[in-house]
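Just below is one structure, and these are the notes that go with it.
What follows draws every value from the coordinates through simple rules; no lab data is involved. This is a predicted model, so every value here is computed, not measured. Here Cβ is always computed from backbone atoms with ideal geometry, including for glycine, and neighbour counts include all displayed protein chains.
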Amino acid sequence: MELTRRDALAALASTGIVVGAGAAALSHLDDRRAKPDVDVDTLVAVAEVLYPSEVTGVREFVETFVAGRTADRPDYHAGMADALAVVDERAERWFDGPFATLDREDRDATLRQLGADAIPPDPEGRPPGRVRYYVVNELLYAFYTSPAGGSLVGTENPIGHPGGTTSYQRGPDA
Amino acid sequence: MSQGDVDRTPSPRSDVCIVGAGPAGALVAHRLASEGYDVVVLEAGPRFDPDDRLERMERHIRPSHGPEDVWDMGGPRDAYTNAGEEHYPLNAARVKGVGGTTLHWQGMVFRLHESDFERRSRHGVGRDWPIGYDDLQPYYAEAEAELGVAGADDNPFAPPRAEPFPMPAFRPSYSDSLFAEACEELGIAMHSAPNARNSEAHDGRSACQGYGTCKPVCPSGAKYDATVHVAKAEGEGARVIDRAPAQRIEHDRSGETVEAVVYATPDGTEHRQEARQFVLAAGGIEIPRLLLLSRSTQHPDGLANSSGAVGRYFMDHLFAGMGGELDAPTRQKHVGFITSESHQFYDDVDESVGPYKLEFLNYAGQSPVNVALSTESEAAWGDALAEEIRDTYGNRIAMGGLCGQPPRAENRVTLDPDVTDDHGNPVPEIHWSLGDRERRTIEAANETQAAIMNELGVDVDWVTDAATTGPAFHHMGTTRMGTDPDESVVNPRLRTHDLDNCWIASASTFVTGGALNPTLTIAALALRAADAVDAEL
Ligand SMILES: Cc1cc2nc3c(=O)[nH]c(=O)nc-3n(C[C@H](O)[C@H](O)[C@H](O)COP(=O)(O)OP(=O)(O)OC[C@H]3O[C@@H](n4cnc5c(N)ncnc54)[C@H](O)[C@@H]3O)c2cc1C
Ligand code: SF4
């Protein structure tokens, strides 16, 4: 399944960053995407581990989503940048290279060794809790509240997404 | 305007002072301000910024935030204690702020049945209301128009109505159609469920957008909440002072007339709001608490409490439900509200069993994002997580229901002298227990639910029964209405028997509670109280 910028905008709409995925919103975000000011490479590399393997187009989705989420929210931006630095630093320490250069297996292992698979998310907590909050849950939230992510698991209108009032009436074969 | 710039000093020449800006207070404020009166509303909680709603929704969905965080509940301001057999989680059951608990509510709205007003004469239980369905019927119609209710006249068990609903009902869900087959086999009639939620653009608010998070927050504003009537009241010139909790009520020397409400402001000062008439609309817990906190030489047991009934006869509705897996997709969690119910058994009341209603849920089980974000899930991420979500989401199905609780004097709200809030006032202490009548009613509801689930072929894996039931968060009965001042707190016009200018707009005036969500009845009573206050002025 191919993720698109439009999917990212739909995900952003459910977080209040963009209302209506119109052309204006698209170009507005274009400027922001031009200067990604968190470590997008690491974030994309994490997303590739978190999202189902059949998903493609992850970079565009993540860049657009994160640009929207962090712009004009300095605290959130700082929290995310800081958590990404933790991920990268552990990758260097345990696997001798920047996170984004590791293969999928080692990236997965880095996140697990960090505890990000099991620790409760905590924006103010210790590094693993912050990684779970700002990186892992951030990316999973974007994906599974979007119609693209929902559709992969059985709902084109997951909670958190303003998908209207006809989908609930439709049967599975419609 | 920053918080520091807000003027929280009293209004100099106020006709009406209202305590509480939930639906009851907002409706009274709007109606009386429209009549040209000078109205001031004191609200304990803050004015929430509507632009924050998506962030509040995210707090609800993301597991790092507790349920009380969504509307900033909890802490010393909201402290309470429990003394009864059953634990009552009070701060999950209310919101303090402009809009009140409707910010969090689900928004299903029903008229009580005629029988609910006559429980004593029909079944020997509790007391009859001093007014009947006929008296409230026109106010119910007005309340539906004010809130904006989407409904259809297809419920054969509902009480009589003279006019159509303001908006068409939401269409039944796909899972309703699954239930319908089973119910037809069993001879159980399903019908639409009225919602205070826009099925189309209405009253300056958009149609429902399908966020699916109605309870606890509707980001689109399609779900009615009382900020609607606060804004309308302010448009008519009413003043709403937020973060201004009433501390006590003061009366004149005779003890028969209220002179002022004393309230606190964030800077630590206390003010006195004087007015000609006072309307208490602070909900079924805080109204009796405020009256008890306002005791005086003339009213040693608390204001308006010569009957001793203030705080007593606390009732809630009890939840009964069950759910499980079907071997086919059920299409849940697209929206966060109910489209079909059955009130077929509602009036099968007798000396031993009370009323209950059945709900066919559209939000059984967990949503994909809930499974994904939870560290309780087996799989952390990747293909394994997607697989786990496909397994957990998709085939869930569930029914709910509400069961009535009769009034009992020992179920009550008192003051806990040992625990104080952020202003040094004793906190509310909730004494709540269940009796055999509601246990039997829950059993009856469970039996019907089990028959439907069985007919549908559901593998039931959870049941909420008489042992595991909990409250539906409807605070009723604590200042009940009646004609006898020795037995009740307010008269049928909703004025306290003891004080000639003190009115109560709340489910606290309910004599019995039926088994239907209370807010439409609260709204109807609020409009009735507003008319009575208007006549007095
Ligand atoms: C989870 C949930 C779901 C619900 N779903 C439904 C539903 O589907 N249908 C339905 O009919 N009902 C539902 N309810 C109940 C509904 O929300 C209440 O019946 C309704 O909000 C009561 O209105 P009210 O104005 O009497 O009180 P509230 O809405 O509670 O408002 C009272 C206001 O008074 C303020 N206040 C309290 N003390 C003071 C003080 N000392 N000074 C100043 N202000 C004070 C509070 O801060 C609050 O803002 C639900 C409730 C909950 C919690
Ligand atoms: S589904 Fe609920 S939360 Fe979403 S827009 Fe409709 S009413 Fe609001």
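Tell me the net charge near B:Met481. Cut-off is 12 Å between Cβ atoms, B:Met481 excluded, with +1 for each Lys or Arg and -1 for each Asp or Glu.
+1
Whole-Hz Karplus ³J(HN,Hα) for region A:122-133, in order, using 6.51 cos²θ - 1.76 cosθ + 1.60 and θ = phi - 60°, x for Gly and Pro?
My calculation for region A:122-133 gives 7, x, 10, x, 6, x, x, x, 6, 5, 4, 6 Hz in order.
Any idea what the dipole of region B:294-374 comes to, in debye rounded to 20, about its Cα centre with Lys/Arg Cβ at +1 and Asp/Glu Cβ at -1?
The dipole of region B:294-374 has a size of about 500 debye.
Averaged over its residues, how many other protein chain Cβ atoms are within 10 Å of peptide B:333-346's Cβ atoms?
For this peptide, the per-residue mean of nearby foreign Cβ atoms is 3.
Please give the net charge around A:Met1, taking every other residue with its beta carbon less than 12 angstrom from that of A:Met1, where Lys and Arg add +1 and Asp and Glu add -1.
-3
For region B:472-477, what does the Karplus curve 6.51 cos²θ - 1.76 cosθ + 1.60, with θ = phi - 60°, yield as ³J(HN,Hα) per residue in whole Hz, taken in order and with x for Gly and Pro?
8, 6, 10, 9, 10, x
Could you tell me how many degrees, from 0 to 90 and to the nearest 10, lie between the Cα long axis of helix A:23-34 and the main elongation axis, the longest principal axis, of the Cα atoms of chain A?
10 degrees
Hey, what do the phi angles of region B:255-260 turn into as Karplus ³J(HN,Hα) couplings, whole Hz, using 6.51/-1.76/1.60 and θ = phi - 60°, x for Gly and Pro?
Once rounded to whole Hz, the list reads x, 10, 10, 6, 9, 7.
If you average the C-alpha positions of region B:227-268 and of region B:418-469 separately, how far apart do those two centres end up, in angstrom?
First find each Cα centre; the distance between them is then 35 Å.
On a full-extension model of 0.36 nm per residue, what is the gain between B:His423 and B:Ser177, subtracting their alpha-carbon distance, rounded to one decimal in nm?
Fully extending the segment from B:His423 to B:Ser177 adds 83.3 nm.
Taking +1 at the Cβ of each Lys and Arg and -1 at the Cβ of each Asp and Glu, which of B:Ile504, B:Gly514, B:Val460 sits farthest along the dipole of region B:457-537 towards its positive end, judged by Cα position relative to the Cα centre?
Checking the options against the dipole of region B:457-537, the answer is B:Ile504.
Dipole of region A:76-174, Cα-centred, from +1 at each Lys and Arg C-beta and -1 at each Asp and Glu C-beta, to the nearest 20 debye?
That gives region A:76-174 a dipole magnitude of about 260 debye.
Taking amide H atoms as placed 1.01 Å from N in the peptide plane, list the residues 5 or more away in sequence, or in a different chain, whose amide H sits under 5 Å from that of B:Arg239.
Amide H neighbours of B:Arg239, under 5 Å, 5+ apart: B:Val39, B:Val40, B:Val41.
In percent, how large is the relative contact order of chain A, given Cα pairs closer than 8 Å and 6 or more residues apart?
25 percent
Mind checking which of B:Val371, B:Ser433, B:Ile18 is farthest towards the positive end of chain B's charge dipole, using Cβ charges of +1 (Lys, Arg) and -1 (Asp, Glu) about the Cα centre?
B:Ile18
Using only the alpha-carbon atoms, how far is helix B:382-392 inclined from the longest principal axis of chain B? Give it as 0 to 90 degrees, nearest 10.
Helix B:382-392 sits roughly 80 degrees off the main axis of chain B.
Answer with one residue from B:Gln273, B:Met315, B:Ile249: the one whose Cα lies farthest towards the positive end of the charge dipole of the protein assembly as shown, charges on Cβ with Lys, Arg +1 and Asp, Glu -1.
Toward the positive end, the furthest listed residue is B:Gln273.
I need to check one value: relative contact order of chain B, counting alpha carbon pairs closer than 8 Å and at least 6 residues apart, in percent.
In percent, rounded to a whole number, it is 23.
Taking each residue in A:46-59, count the Cβ atoms of any other chain within 10 Å of its Cβ, then average. What number comes out?
Across A:46-59, the average partner-chain Cβ count within 10 Å equals 2.
Antiparallel as a % of all DSSP beta bridges within the protein assembly as shown, to the nearest 5?
Within the protein assembly as shown, antiparallel bridges account for around 70 percent of the total.
List the residues, sorted by chain then number, that are 5 or more residues from A:Thr56 or on another chain and whose placed amide H is less than 5 Å from its amide H.
When sequence neighbours closer than 5 places are left aside, the close amide H contacts are A:Glu2, A:Leu3.
Nearest 10 degrees is fine. How inclined is helix A:40-50 to the longest principal axis of chain A, computing both from alpha carbons?
Its long axis makes an angle of about 70 degrees.
So how much slack lies between B:Ala145 and B:Asp391, counting 0.36 nm per residue of separation and subtracting their Cα-Cα distance, in nm?
Contour length minus Cα-Cα distance gives 84.2 nm.
Please give the charge dipole size of chain B, origin at the Cα centre, charges +1 on K and R Cβ atoms and -1 on D and E Cβ atoms. Round to the nearest 20 debye.
That gives chain B a dipole magnitude of about 840 debye.
If you take every residue apart from A:Ser53 with its C-beta less than 11 Å away from the C-beta of A:Ser53, what net charge results, scoring Lys and Arg +1 and Asp and Glu -1?
Summing Lys and Arg as +1 and Asp and Glu as -1 gives -2.
Return the long-range amide H neighbours of B:Ala260 (sequence gap of 5 or more, or a different chain), with a cut-off of under 5 Å between placed amide H atoms.
Sorted by chain and number, the residues that satisfy this are B:Glu250.
Within 10 Å of each Cβ in peptide B:376-389, how many partner chain Cβ atoms are there on average? Round it to a whole number, please.
5
Place the peptides A:109-120, B:401-412 in order of packing, highest mean first, counting for every residue the other Cβ atoms within 10 Å and averaging per peptide.
B:401-412, A:109-120
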